[in-house]
């Protein structure tokens, strides 16, 4: 934990408190796109996600006077965003990720059990059908626009809490601490959700690459 | 987490995120790394998880549409103490 927020951040906060519009637009440019993407994981449509983002920024402005810098500004903003999104999800009658109401999604191991040899074989738990290297696929396939679409679709199919975590970590590049603080989840919980999400995304890419 | 001296491919696959997040203790980390040295399937799997993370990171940011930008600015001006 950093005792003092970085100078740059303190300046931004001070400028925002003083009503500096350029400080506000800078923050919107920096965090707005990620906020929209994360909000989208909680609610039913892009339009509602935009409303959530708008509502969250109003919350940021109203709360900035009380911001004490105990977390980073970014974490604080995303806490407001995710709380706003959760409230909205409740109103929409959707199941709310990261609430006790959401329950545990019960899922088994990482990859299909039949990818591994069974207990009755000589090497139980070893690959029966090992993954094939993607380098064998036509060059550039992994980076093609279509591959990104496969990923987008797969993320949309994930349970919401997995989708939120993998979006924050792997799409937006948050570190684990930021995600735990913004979502108010334990480090272990964060890692389990990330693991399940990455596992499914890899599997989707594997199917596509073959 | 304590693992047997030798771990299976299924265990490596289950531990891959903990390994990448660097939260395994030194012994378990070593077991995973030893396994990866001789196991093509698992090192391919690990590479693919890394490739998956890299490709996920290439998803385009969602642009803030101009209409939303305008609304945000209006909200700011309404709030602005200045």
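A few comments on the model shown:
- The range A:25-80 and the range A:118-180: distance between their alpha carbon centers, rounded to Å: 27 Å
- Crossing angle, helix A:7-17 versus chain A [Cα axis fit, 0-90 degrees, rounded to tens]: 60 degrees
- Model label points for residue B:21 and residue A:129, set 7 angstrom from Cα along the Cα-to-Cβ axis, are 2.9 nm apart.
- Relative contact order (percent, whole number), chain B, Cα cutoff 8 Å, 6+ residue spacing: 27 percent
- Efficiency of FRET between residue A:145 and residue B:70 - r from beta-carbon atoms, R0 30 angstrom, step 0.05: 0.50
- Taking the three principal axes of the alpha carbon atoms in the protein assembly as shown, the coordinate ranges are 74, 41, 38 Å, sorted in descending order.
- For chain B, the longest principal axis of the alpha carbon atoms and the long axis of helix B:40-56 meet at an angle near 0°.
- In degrees, nearest ten, helix B:66-79 long axis to first principal axis of chain B (Cα): 70 degrees
- FRET efficiency, residue A:206 to residue B:63 (Cβ-Cβ, R0 35 Å, nearest 0.05): 0.70
- Taking a ≥ b ≥ c as the square roots of the eigenvalues of the alpha carbon gyration tensor, the range A:119-209 is oblate, as a/c is not under 1.5 and a/b does not beat b/c.
- Per residue of A:166-174, other chain Cβ atoms within 10 Å of the residue Cβ number 3 on average.
- Förster-model FRET efficiency, 30 Å R0, residue A:176 and residue A:122, C-beta, rounded to 0.05: 0.20
- Remark: mean inter-chain Cβ contacts per residue of A:56-68 equal 2, using a 10 Å Cβ-Cβ cutoff to other protein chain atoms.
- Pairs of Cα atoms nearer than 8 Å and 6+ residues apart set the relative contact order; for chain A it is 20 percent.
Every number here is computed from the coordinates shown, using simple stated rules; none is lab data. Predicted model, so just to flag it, every value in this text is computed and none were measured. Note that we place each Cβ from the backbone using ideal geometry, even for glycine, and neighbour counts take in every protein chain shown.
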